[in-house]
Amino acid sequence: MRNRDVSGRRAAAVTALRSLLTVTALVVVYFNVPVRTSPTVSGWFLLAAGLVGFSVLLAAQVRSITRAERPRMRAVEVLATIAPMIVLLFAMSYYVLATNTTSAFSQPLSRMDALYFAVTVFATVGFGDIVARSSTARAIVTLQMVGDLIVLGLGLRVLVGAVQIGLTRKRGEERDPELAQPQPTMR
């Protein structure tokens with residue numbers, strides 16, 4: 001039993017460290033990715049491309065949970081990555097929009113300001129110091145609010161379902177190791 005506790009603690013530490021490193025890398029990329037100011041690179045295009053990429057990544061992550069040795073730990077790691085990722089995606093969209101359309105928000109937005117605004121929208125606190133003024137900015141903010149609810153509600157449900165599938169698979173393998181291996185076919 002003690003060996004299992006040590007193994008579980010080690011796995012939890014590795015999961016926490018990997019999540020921290022992933023989020024750190026995402027933040028570093030956010031602050032350092034070059035963004036050209038151009039009306040042709042709209043916040044909408046960036047957001048749409050990011051959401052498609054996010055959806056593909058999320059689907060792959062859900063699949064990885066169902067196949068993981070420790071599905072619960074994997075789900076925690078995925079959640080610790082996808083929440084900051086969606087916030088950073090919207091922050092970058094706000095930054096690009098504010099850079100290309102100076103009247104989009106109540107004040108000019110630096111990358112830090114855009115991240116701050118995205119976090120306040122995600123956390124639903126909305127301090128009111130930064131306000132979306134243009135229709136485009138308000139539409140993107142509204143999309144983030146709805147998206148945040150979907151990520152939190154439906155996303156958590158999908159992750160819990162993936163954990164249940166992974167645990168069921170793992171229990172089946174532990175009971176009968178031959179069930180986990182393909183059986184030879186007879187002709």
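The values are calculated or read from the model by the stated rules, or taken from the named source; none is laboratory data. The shown structure was predicted, so the numbers you read here are calculated from the model rather than taken from an experiment. Counting neighbours? That spans all protein chains shown, and the Cβs are built from the backbone with ideal geometry, glycine included.
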Exercise. Within the set of pairs 6+ apart or on separate chains, which have a first residue in region 113-136 that is surrounded by fewer than 20 Cβ atoms within 10 Å (Cβ to Cβ), a second that is part of a helix (DSSP H, G or I) and among the small types (Gly, Ala, Ser), and C-beta atoms under 7 Å apart?
Worked result: THR136/GLY43
Seminar exercise, completed: Conditions (1) among the small types (Gly, Ala, Ser); (2) buried (at least 20 other Cβ atoms within 10 Å of the Cβ); (3) within 21 Å of ARG36 (Cα to Cα) -> SER103 fails only (2)
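Here's the yes/no breakdown for (1) closer than 22 Å to PRO84 by Cα; (2) polar (S, T, N, Q):
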{"residue": "THR101", "(1), (2)": "no, yes"}
{"residue": "ALA104", "(1), (2)": "no, no"}
{"residue": "ASP113", "(1), (2)": "yes, no"}
{"residue": "THR120", "(1), (2)": "yes, yes"}
{"residue": "SER134", "(1), (2)": "no, yes"}
{"residue": "LEU167", "(1), (2)": "no, no"}
{"residue": "ARG171", "(1), (2)": "no, no"}
Seminar exercise, completed: Here the residues within region 57-102 that are of a type in the set (Gly, Ala, Ser) and either within 11 Å of the chain's Cα centre (by Cα) or over 26 Å from TYR116 (Cβ atoms) (or both) are ALA59, ALA60, SER64, ALA68, ALA75, ALA80, ALA83
For this session: Among residues belonging to region 159-187 that are within 34 Å of the chain's Cα centre (by Cα) and of a type in the set (Asp, Glu), point out the one that is modelled with the highest pLDDT.
Result: GLU173
Exercise. Looking at VAL131, is it out of contact with any Ser or Thr (no Cβ under 7 Å at 6 or more places or on another chain), modelled with pLDDT of 75 or more, of a type in the set (A, V, I, L, M) and closer than 30 Å to TYR95 by Cβ?
Worked result: no
For this session: Hey, can you tell me all the residues within region 137-170 that are among the basic types (Lys, Arg), under 22 Å from VAL78 (Cα atoms) and exposed (fewer than 15 other Cβ atoms within 10 Å of the Cβ)?
Result: ARG157
For this session: For PHE45, state whether it is part of a helix (DSSP H, G or I), over 23 Å from LEU154 (Cβ atoms) and at pLDDT below 85.
Result: yes
Exercise. Any idea which of THR37, THR22 is farther than 19 Å from LEU152 by Cα and modelled with pLDDT under 90?
Worked result: THR37
